[in-house]
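> My questions will all concern the structure given below.
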Amino acid sequence: MSKIYSFIIIIPLIAMLLFKGVFFYEYDTKQRYIKDLADSTAYVVKVTGVLSQNEYNRLKANLNKYRTFNDAGIILKKGVYIDGEITALQPYIMGTRLQKGDAFVLFVQSSNVANYSKVENGGVSPDDSKNLYFKAKAVCRVEYTWE
Amino acid sequence: MGIAVILALVIVFASIADYALYSTRRNLIARGIDYAVCAAIQEIDVPASTEGLSEGFDPQTGKVLSDSIMLNESTADSAFFETLEANTGIKRSDIAMDTLIAHICPSDTGINYIIRKDSQRIEGFATSPDKLEAAINNAINVFWDTSIPESDRHTIFVTGNPSTNEFKKVPYFLVFIKDHQINGLFRKRTATFVGFAGAKMERAEQ
């Protein structure tokens, strides 16, 4: 009887916990890598004032190692600081040279939901607010520009 | 026995998730502070710095001069908190009470500093950059009750050993955020952060 009890309840429960643990670990680790990629790209803009097509392609290629990121999921904006507030945010066009003191915003979001989210919701939830995507944001102020 | 194993596993997984959430949030804040201090240091008070900005170079050594260049207190603070919020989502009102801000402005005889936390304020003068570490640590001990044993680390080391960054004689914007509460999945922990940026001085080449 005790063997049946362990096979029916305990082993599936332990398996489920392990399963969740593995997917949570995957989500957490990839999320950190993605934030690192967003930060290193923002850092390039911070010290050069420009995001080149090559740098963008490198970011996109690296992001796609972890999950699918398409162009719509990589949002670039520029703005200016007025009295310490970021204002006049508008889309950043690749290769535009920013001025020293300008703001640069990078936001990335995967086009499909994380595996951990699927495990938690039993698939992709119809209510999108319950779905977990890989996301990262970096906002910096340009420190140097090249002549 | 089986239930005990499951309970132990649940506790282990929940603790891992709890710490992962805490460390992610802590790292986000640490990076946000880096972006934010670099944004704040660019808020130069141009009218107050006219003399400093117009001096240019030392005629004897050719060195770029950075004396008498002041930061604008209110816009530098705004730039700091705005950039921090943009990166981390933490509002100024949630973190301002835990934040000490130091503005450091060199003059021809030494270094003027203003250290503030909320409405408290200390203004002072140091004869050389290596005296700033003691001034900031004194201010920390004035602004917080650091005698509590549970209190997080409350001493900053700037010139403590050769591998730490030293202050140079340029304007700085320094923040020290002490015992900021970060919520994990179910536990609440605190963390302390230090970040500073020096003005990136350059003169146009004509």
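Rule-based calculations on the coordinates, nothing more; no lab input. On a predicted model such as this, the values are computed, not experimentally measured, just so you know. No Cβ is skipped: glycine too gets one built from the backbone with ideal geometry, and neighbour counts run over all protein chains shown.
> Using a cut-off of 19 Å between alpha-carbon atoms, which aspartates and glutamates can reach residue B:131, once sequence neighbours fewer than 8 places away in the same chain are excluded?
B:67, B:108, B:123, B:166
> Follow-up question, since we're still on this one. Can you tell me which of B:35-48, A:114-127 comes out highest on packing, and rank the rest after it, using the mean Cβ neighbours within 10 Å?
Highest mean packing first, the order is B:35-48, A:114-127.
> Under the rule a/c < 1.5 gives rounded, and otherwise a/b versus b/c splits prolate from oblate, where does the range B:65-147 land using the Cα gyration tensor?
Here the range B:65-147 falls in the oblate category.
> Given a Förster radius of 45 Å and the C-beta distance between residue A:36 and residue A:3 as r, what FRET efficiency does 1/(1 + (r/R0)^6) yield to the nearest 0.05?
Once rounded, the FRET efficiency stands at 0.40.
> Write down Rg/Rh for the range B:2-198, rounded to two decimals, with Rg from the C-alpha atoms and Rh from the Kirkwood relation over Cα pairs.
Dividing the radius of gyration by the Kirkwood radius yields 1.08.
> Let me ask something additional. Can you pull the Kirkwood radius for the range A:102-147, inverse mean 1/r over Cα pairs, to one decimal in Å?
Kirkwood hydrodynamic radius for the range A:102-147: 12.9 Å.
> Sticking with this one: Please compute P(r) over all alpha-carbon pairs of the protein assembly as shown, binned at 10 Å starting from zero, and give each bin as a whole-number percent.
For the protein assembly as shown, the pair-distance distribution reads 5, 20, 27, 23, 14, 7, 3, 1, 0, 0.
> Within a 10 angstrom radius of each residue's Cβ in A:43-55, how many Cβ atoms of other chains show up on average? Whole number is fine.
1
> Give me the angle, in degrees from 0 to 90, between the Cα long axis of helix B:2-40 and the longest principal axis of the Cα atoms of chain B, rounded to the nearest 10.
So the inclination is approximately 10 degrees.
> Okay, next question. Run the helix sum for chain A: -39,500 (n - 2.57) per DSSP H stretch of 4+ residues, divided by residue count, reported at 222 nm to the nearest 500 deg cm²/dmol.
One gets -13500 deg cm²/dmol as the mean residue ellipticity at 222 nm.
> On to the next question. Determine the relative contact order of the range A:25-147: mean sequence separation of Cα pairs under 8 Å and six or more apart, normalised by residue count, in whole percent.
Value for the range A:25-147: 35 percent.
> Considering only B:81, B:13, B:186, give the residue with the highest GNM mean-square fluctuation for chain B, with springs between Cα atoms whenever their separation is below 10 Å.
B:13
> Nearest 500 deg cm²/dmol is fine: what mean residue ellipticity at 222 nm does chain B get from its DSSP H runs of n ≥ 4 alone, each adding -39,500 (n - 2.57), divided by its residue count?
Dividing the helical sum by the residues of chain B leaves -12500 deg cm²/dmol.
> Here's something else I'd like to know. Between B:128, B:54, B:68, find the one with the highest GNM mean-square fluctuation for chain B; connect C-alpha pairs within less than 10 Å.
Residue with maximal mean-square fluctuation among B:128, B:54, B:68: B:54.
> Peptide A:138-145: average number of partner chain Cβ atoms within 10 Å per residue?
6
> For peptide B:34-46, what's the mean number of Cβ atoms from other chains within 10 Å of each residue's Cβ?
For peptide B:34-46, the averaged partner shielding equals 4.
> Using the Cα gyration tensor of the range A:38-118, with a ≥ b ≥ c the square roots of its eigenvalues, what is the shape: rounded (a/c below 1.5), prolate (a/b larger than b/c) or oblate (neither)?
prolate
> If you don't mind, another one. Taking Cα atoms of the range A:2-141, Rg/Rh with Kirkwood Rh, to two decimals?
Rg divided by Rh gives 1.17.
> Counting every Cα pair in the range B:1-52, what percent are over 15 Å apart?
Here the tail beyond 15 Å accounts for 69 percent of pairs.
> Tell me, how many Å apart are the Cα centres for the range B:62-86 and for the range A:1-75?
If we compute the Cα centre of each part, the gap is 36 Å.
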